[in-house]
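To keep things clear, I will list the structure first and then write my remarks on it.
Just so you know, all these numbers are worked out from the coordinates, no wet-lab data involved. Given the structure is predicted, the values throughout are model-derived calculations rather than measurements. Cβ sites come from the backbone with ideal geometry, for glycine too, and all protein chains shown count toward neighbours.
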């Protein structure tokens, strides 16, 4: 995974509450066995007509929003299923961060493991950011993970929370599996003290 | 063990599985007792293991099945379930290869133990109180009905558990959900959970593990408790739990992988210590009264948009929060419903009885009991999809399949089917369904399809009348 430090990117608002993972990527795209190429399926049912042509009124299809790297969603972004295909599709479509007032738990965990920053802001900042992005499609935000700030076009910094372990992993481009593998001795000790409750092969 | 430090059920199970405590820098390392695997969320995890040359640490604590992309069409003359979708076939082949290469037991399509992952765990006796159980599927919360800590994970985490049998987790908060009183006839576990989600909203449980308690929960069967816990995630909670009691132990006893003889006695003695101690504190608490519950139905495009079947669709103009108004407006447009409209009498095209929420034998008995002697309306297609091959065999031994078929319903093979619409079982654009499944998101049951979530009883009453129907009216006629 590539380290994330600081980036400045175009911003697009999709201010709908409770955007579920079935909207982010419908289940019929889940028959794949790899992660690549899911960006085209992002928001598929909102983005394309039945014949596959793009819907011109959908915000991500509008020319001024091409190349956006920061998505501002409504409250409770990413609710629903555990499919990691949701952050894979967002990353595949070029997004590096999603901003909301809060995220569904499983989506947030999945995003953090794929270099997609789930940025939580308060309701007032959220409203301001949506207005900015809607009024001026060229609005750019600077996201700095090290200092945990997003910088608005007027220079105002807004802090955002992130757990220290996810921050460490993202800044250094390391994944969590390596950390767990390093605990082999402790895991073995736990196993020796806690007999198996079930045996699926026995 | 109400000592100096009273604990909740969740806290006891959590503490028992800590390999390494949470610190300022790192989340807790939590040991996983049982990892359930299915074909849709696992392939990329196995790919990662291969790339890094890793093995599955504990194949003996791992169990795989196929359920999401599997067809549920009846078997052909050779007893084979035909697969017509080449992508689904390829995904199932990858699952077989992965299980074979990594030594994981697989309940393959067409074999007698195959079924929906959250149906087979309890059915075989793998799901037991006090365990930690995960699966790359958000409805893993189902297993919490046994007093297990069970939650859905993403594919990266599937790889973590395959390789290390552990997960990195920050400790969630706890919420007590108490349902006092007794349910009236015609009101089911499904109505309880739809009422809870309507109350807390689709995000109200975010960050929490729920514990369901109170007289109405105690009086539920294990399968009813599974229905309740199953939809915890629809309120935003990754996990929901019910304290184990004699109902739990009686359900587990004698199942193939349940403890036996002296081991059983020892296990039950341990399980009796799991319930929340007197005086334990929850971070939040809500209370509902079962006496006041009626059959519930959803009208919108998330499970929080639910109401009593006798109520009217809410009016966006009466909402004060502008975001909620926009969301309701959008939902009613998608559903093509009007504010203040009653759903009773609304024609539907499809009725689906199935899914990890409502496809167990008690669900099918309840549905068959009400449909016996009736016909599905000519305008309705009704699918009955048992949750597992074992459920299917049991239902057939009891003759339930003949009741459904005589009524004009389709009797299918086991799988997720129209709940997620990956396998060809789906709504056409614009169609309405009453569904016993768990999600009414836009397009969930097929692109452009519209879903009303409800109980199996409401589903049957609707199928017979061809329009959304309060099951109590039909039940009263039956009793008369």
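Here are some notes:
- Note on the protein assembly as shown: Cα-Cα pairs beyond 37 Å make up 34% of the total pair count.
- Placing R0 at 22 angstrom, the Cβ-Cβ distance between residue B:18 and residue B:266 gives a FRET efficiency of 0.45 after rounding to 0.05.
- Extension gain for residue A:8 to residue A:50 (0.36 nm times residue separation, less C-alpha to C-alpha distance): 11.6 nm.
- Which of B:251, A:102, B:208 has the fewest Cβ neighbours within 10 Å, and the rest in rising order: A:102, B:251, B:208
- Hull-based mean projected area of segment A:1-118, where the convex hull spans the alpha carbons, in square nanometres: 7.2 nm²
- The simple Förster model, with R0 at 30 Å and r as the Cβ-Cβ distance, assigns residue A:172 and residue A:40 a FRET efficiency of 0.45.
- Mean per-residue shielding of peptide A:177-184 is 6, counting Cβ atoms of other chains within 10 Å of each Cβ.
- Reciprocal mean inverse distance between Cα atoms of segment B:369-480 - Kirkwood radius, Å: 14.5 Å
- Relative exposure of A:167, B:405, judged by other C-beta atoms within 10 Å (fewest first): B:405, A:167
- With a Förster radius of 22 Å applied to the beta-carbon distance between residue B:55 and residue A:195, the computed FRET efficiency rounds to 0.55.
- Projected label distance in nm at residue A:142 and residue A:61, using a 7 Å step from Cα toward the beta-carbon: 3.6 nm
- Degrees, to the nearest 10: A:123-135 long Cα axis against longest axis of chain A: 50 degrees
- The length gained on full extension between residue B:398 and residue B:281, counted as 0.36 nm times the residue separation minus their Cα-Cα distance, comes to 37.6 nm.
- DSSP bridge orientation in chain A - percent antiparallel, rounded to nearest 5: 50 percent
- Overall dimensions of segment B:67-126 by Cα: Rg and Dmax, Å: 12.3, 34
- Helix-derived mean residue ellipticity, 222 nm - over the protein assembly as shown, DSSP H n ≥ 4, -39500 (n - 2.57), to 500: -9000 deg cm²/dmol
- GNM result for chain A, Cα springs below 10 Å: residue of A:67, A:39, A:182 fluctuating most strongly: A:182
- D_trans [Stokes-Einstein, Kirkwood Rh over alpha-carbon pairs] for segment B:1-121, 25 °C, 0.890 mPa s, µm² s⁻¹: 143 µm²/s
- Taken along the Cα-to-beta-carbon direction at a fixed 7 Å, the label points for residue B:317 and residue A:154 span 3.5 nm.
- Estimated at 0.36 nm per residue, the fully extended path between residue B:245 and residue B:324 surpasses their Cα-Cα distance by 24.4 nm.
- Binning all Cα-Cα separations of chain B at 20 Å, short to long from zero, yields these whole-percent fractions: 25, 58, 17, 0.
- Neighbour counting of Cβ atoms within 10 Å sorts the residues B:220, B:54, fewest neighbours leading, into B:54, B:220.
- Compactness of chain A is given as radius of gyration and Dmax, 18.9, 64 Å, from Cα positions.
- For B:155-167, mean number of other protein chain Cβ atoms within 10 Å: 5
- For segment B:296-409, share of DSSP beta bridges that run antiparallel, in % to the nearest 5: 50 percent
- Per-residue mean of C-beta atoms belonging to partner chains within 10 Å, peptide B:324-333: 2
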